[in-house]
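**Q** Input: one structure, supplied below.
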């Protein structure tokens, strides 16, 4: 069965280019030309999509707002930002709104396909299944239930995005193990190449802030020059 992709983009030339390339690559592509239409299509329950591609600069509702709205009802669908806004601040804003990856224009189509395939592998839980070996993990005041895919801190639930959950799972399965950024990129994002952003650092910081705000001491430590480790101070 073909994977269904929703492209939300107002530039018709870009739409034609992406639509042709993705169709030739075996995907089924639908297009929304403005933000409101994009939200309506992305959240429709009768025709679910496997992946969203969002521009940021859109008529009536920008991509950041679209992403945030979609995440209110769907934390699992992969969302890829494809935009000309390539500053570190814009990348962080996109990822913080719930995006899973960020590719700047102009781009090479081969890289777009690679990003899409990587995100779809993640959504199919292939990486997750490879590292699962039991259901419930405990560390300090954290409890992660890998059956219900939930995290509790001091017995209170903490809401995580799909990517944050996978990152937490990697850490809690191997406490006191130092993970390099390339290792985390491969385990969480399914990528064995540099995606050109500090996405690992960004998501580690997101995860830290959420668990510490919920009452956890700092348990995700930075090992300078090596990576990150889950351990108590």
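The values are calculated or read from the model by the stated rules, or taken from the named source; none is laboratory data. Keep in mind that what you see is a predicted model, and the values were worked out from it rather than measured. So basically every Cβ, Gly included, is an ideal-geometry build from the backbone, and we count neighbours across all protein chains shown.
**Q** Looking only at strands (runs of 3 or more DSSP E) that lie completely in segment 132-233, which have at least 2 residues being touching a strand residue (DSSP E or B) at 6+ places or on another chain (Cβ under 9 Å), closer than 19 Å to residue 79 by Cα and touching a residue at least 40 places away in the same chain (Cβ under 8 Å)?
**A** none
**Q** A further question follows. Exactly one condition in (1) more than 20 Å from residue 94 (Cα to Cα); (2) touching a helix residue (DSSP H, G or I) at 6+ places or on another chain (Cβ under 9 Å); (3) surrounded by 18 or more Cβ atoms within 10 Å (Cβ to Cβ) is false for residue 172; which is it?
**A** Here residue 172 clears every test but (2).
**Q** Given the conditions (1) touching a strand residue (DSSP E or B) at 6+ places or on another chain (Cβ under 6 Å); (2) under 22 Å from residue 189 (Cα atoms); (3) surrounded by fewer than 22 Cβ atoms within 10 Å (Cβ to Cβ), and given that residue 88 satisfies all but one, which numbered condition is not satisfied?
**A** (1)
**Q** Kindly check whether there is at least one residue in segment 182-196 that is more than 29 Å from residue 82 (Cα to Cα) and surrounded by 16 or more Cβ atoms within 10 Å (Cβ to Cβ).
**A** The answer is no, given that none of the residues of segment 182-196 is more than 29 Å from residue 82 (Cα to Cα) and surrounded by 16 or more Cβ atoms within 10 Å (Cβ to Cβ).
**Q** Please find, among 53, 31, 64, the residue that is modelled with pLDDT of 95 or more, assigned by TED's automatic domain parsing to the domain that holds residue 105 and closer than 30 Å to residue 150 by Cβ.
**A** After applying the criteria, what remains is 53.
**Q** Using the structure shown, decide if residue 68 is over 16 Å from the mean Cα position of the chain (by Cα), free of Cβ contacts under 8 Å to residues at least 40 places away in the same chain and not in a strand (DSSP E or B).
**A** For residue 68, the condition - over 16 Å from the mean Cα position of the chain (by Cα), free of Cβ contacts under 8 Å to residues at least 40 places away in the same chain and not in a strand (DSSP E or B) - is not met.
**Q** Go through segment 72-85 residue by residue and tally those that are in contact (Cβ under 8 Å) with a residue 40 or more places away in the chain, part of a loop (DSSP other than H, G, I, E, B) and touching a strand residue (DSSP E or B) at 6+ places or on another chain (Cβ under 7 Å).
**A** Going through segment 72-85 one residue at a time, the tally reaches 2.
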